[in-house]
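The values are calculated or read from the model by the stated rules, or taken from the named source; none is laboratory data. None of the values given here were measured: they were computed from a predicted structure. Note that each Cβ is placed from the backbone with ideal geometry, even for glycine, and that neighbours are counted across all protein chains shown. Heavy atoms of the whole protein, side chains included, go into the accessibility calculation; ligands, DNA and RNA do not. Shrake-Rupley method; radii C 1.70, N 1.55, O 1.52, S 1.80 Å.
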Amino acid sequence: HHHHVLLYRYLVISDTDNHRILCYDPTQKEVVPISGSHEGFQDGLVSSASFRYPCGVDIGARGEIFICDLGNNAIRMIKDGVVSTIAGGHDDLGKLRGGWRDGLS
């Protein structure tokens, strides 16, 4: 399963079954991982963050990458090399949380 959007000249892809976000550069014909390498729920630097079945991506007005992280019931964001959870996800005890958080201004 894959879902993709364009960011500048790059194609951003959610690689659902492999729990990662990819970037395809059509001029170089190369796919580069942006974030995620194993199933999990970890915010932080793109090199250490993890996702669980990311099933969709979108691009914000400032170049942020928004991810629908289906397995974690969360909306995640990649900005300036950092992954953060902006809605849903887990609490400190690992239980799924619902509700909302303040968004971007």
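Inside segment 49-63, can you point out the residues that are part of a loop (DSSP other than H, G, I, E, B) and open to solvent by 10 Å² or more (accessible area, probe 1.4 Å)?
Within segment 49-63, ARG52, TYR53, GLY60, ALA61, ARG62, GLY63 meet the criteria.
Would you be able to tell me the number of residues in segment 67-85 that are surrounded by fewer than 18 Cβ atoms within 10 Å (Cβ to Cβ), in a strand (DSSP E or B) and hydrophobic (A, V, I, L, M, F, W, C)?
Going through segment 67-85 one residue at a time, the tally reaches 1.
List the residue pairs whose Cβ atoms are under 8 Å apart, where the first residue sits in segment 32-48 and is over 9 Å from VAL82 (Cα atoms), the second is part of a strand (DSSP E or B) and open to solvent by 90 Å² or more (accessible area, probe 1.4 Å), and the two are 6 or more positions apart or on different chains.
Correct list of pairs: SER48/GLN42.
Look at segment 16-48 and say how many of its residues are acidic (Asp, Glu), assigned to a strand (DSSP E or B) and under 16 Å from ASN72 (Cβ atoms).
1
Restricting the search to segment 1-28, which residues are at pLDDT 90 or above and either at positive phi or open to solvent by 90 Å² or more (accessible area, probe 1.4 Å) (or both)?
Residue satisfying the conditions is HIS19 alone.
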